[in-house]
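Worksheet: the structure to be examined is printed underneath.
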Amino acid sequence: IPEKETIQVGNEDAMMHALFADSFAALGRLDNVTLVMVFHPQYLESFLKTQHYLLQMDGPLPLHYRHYIGIMAAARHQCSYLVNLHVNDFLHVGGDPKWLNGLENAPQKLQNLGELNKMLAHRPWLITKEHIEQLLKTEENSWSLAELIHAVVLLTHYHSLASFTFGCGISPEIDCEGGHTFRPPSVSNYCMCDITNGYHGVDEIHSTESVCEVEALMEKMKQLQECRDEEEASQEEMATRFEREKRESMFVCSSEDEESAPARDVSRHFEDTSYGYKDFSRHGMHVPTFRVQDYSWEDHGYSLVNRLYPDVGQLLDEKFHIAYNLTYNTMAMHKDVDTSMLRRAIWNYIHCMFGIRYDDYDYGEINQLLDRSFKVYIKTVVCTPEKTTKRMYDSFWRQFEHSEKVHVNLLLVEARMQAELLYALRAITRYMT
């Protein structure tokens, strides 16, 4: 997002000004994440409050552990922006510089968290109560339940924030490493040829086409609403549509999708650098569907987190609800539009990629509302954010404002975080019972 198209400091309203002040007080700087999130002040307020609580308020883990876990989580996605931020914070709160030479130099207790970190980041559906037991039952270096909940929330927070950082192409602040370069670390594969060939003028070229896209999307929403009112699919048909969408989501991949080795300065903070996102049924491996009716955030996860790490369940719940329900009733140039159907399709598509199913949702709507370029963007930002490119960002919803694309990223962040949490918390619940 070009700097001139963000909300300029000095032009903000009273609420934004207060948020800038809070962010500055907490971080000692006005970071670029804040400057992009402030497009949606209600969400930013909830985000800052939650992050401040996780990092700085009373909690089971010591401060330097919190920042080190943030480094471990961000490093899984090679997010040098967040890694560097927390390296500074880690040292500031008295963390041992030797730990920064690699995970093998950190205490065994933190090293033991490495397995859970990589599974949460890339394949959360594989987490079992046995993984939880290993962390809680290790003789000298065991975690308490409260410490583990704190660690899990931090890991999921920073995996998701890495998605936001890459999804919005956030670059380092001007005084940070990489802040002066043309190509910031979080915008990969954006080459000079895109500019030379006039790729930045994509909106001018496709202007009419883009307007048609918006109209077509609104028409589909209207037709789906009418179909909903007329007939309802059977439970069997709904289940079939979910399985079909889950299967199809495996084949959504970018033409630019290629393996890249992580830089050493980031990879030293985690083990097993080759371990990444893998689709469910590759190599004939079947992962059972996670039914929200059997284990949900509202009925199970929320109370477990709140019981073991007071107030955090409430803070996360507020943040999930704000992201899911946030609307200005606009779509590109149109006003007074009910976007709830579209927001739900985005949220449920992300959960579908993680195998999570809502029995009462018709997954046939997803293909109607999300086109291929949008699905590629969603899957990349959520599953392999380090591979997100500017071209992907530009190619979906071409007529929409930057603020609307940031809004999409908020949905991606929170849906991803909740999906990871559901798998981890279900495993903890199974261990406890």
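A few notes on this one:
- Across the stretch 377-387, computed HN-Hα scalar couplings (Karplus, 6.51 cos²θ - 1.76 cosθ + 1.60, θ = phi - 60°) run 4, 4, 5, 5, 5, 7, 9, 9, x, 5, 9 Hz from first to last residue, x flagging Gly and Pro.
- 5 Å-binned pair-distance histogram of the stretch 21-77 (Cα, whole percent): 4, 17, 23, 24, 21, 10, 1
- Residues N141 and E104, FRET efficiency given R0 of 22 Å [Cβ-Cβ distance, rounded to 0.05]: 0.95
- Computed on protein heavy atoms with a 1.4 Å probe, the accessible areas place V305, V87 in the order V87, V305, largest first.
- Simple label model, 7 Å out from Cα along Cβ direction - E226 to L126, nm: 4.8 nm
- For the stretch 362-433, with +1 on Lys and Arg beta carbons and -1 on Asp and Glu, the positive-most of G364, V382, V408 along the dipole: V382
- Its Cα gyration tensor gives the stretch 287-367 an equivalent ellipsoid, and the semi-axes of that ellipsoid, as √(5λ) in whole Å with the largest first, are 26, 20, 8.
- The stretch 382-433 - percent of accessible surface contributed by carbon and sulfur, probe 1.4 Å: 45 percent
- Structural descriptor for the stretch 54-156: relative contact order 33 percent, calculated from alpha carbon pairs under 8 angstrom and at least 6 residues apart.
- Among the protein heavy atoms, those of E213 account for about 70 Å² of accessible surface (1.4 Å probe, every chain in place).
- Ligands, DNA and RNA excluded, the heavy atoms of W347 present near 10 Å² of accessible surface to a 1.4 Å solvent probe.
- Each of H300, H351 has its accessible area taken with a 1.4 Å probe; listed largest first, they run H300, H351.
- Extreme residue, positive dipole direction of the stretch 1-130, given options N32, G95, L19 (C-beta unit charges): G95
- Rounded accessible area of S171 (nearest 10 Å², 1.4 Å probe): 40 Å²
- Cα gyration tensor of the stretch 278-415 - equivalent ellipsoid semi-axes, whole Å, descending: 26, 21, 15
- When Rg and the Kirkwood radius Rh are both evaluated on Cα atoms of the stretch 71-127, their ratio Rg/Rh stands at 1.00.
- Rounded to whole Hz, the Karplus (6.51, -1.76, 1.60) HN-Hα couplings of the stretch 357-367, x for glycine and proline: 10, 9, 4, 8, 10, 8, 6, x, 5, 4, 5
- Surface accessible to a 1.4 Å probe, per residue, for the residues of the stretch 355-423, Å²: 22 Å²
The values are calculated or read from the model by the stated rules, or taken from the named source; none is laboratory data. Everything numeric here is computed off the predicted structure, so don't read it as measured data. Using ideal geometry, Cβ is built from the backbone for each residue, glycine included, and neighbour counts are taken over all protein chains shown. Heads up: the accessible areas ignore ligands, DNA and RNA and are worked out on the full protein's heavy atoms, side chains in. Shrake-Rupley method; radii C 1.70, N 1.55, O 1.52, S 1.80 Å.
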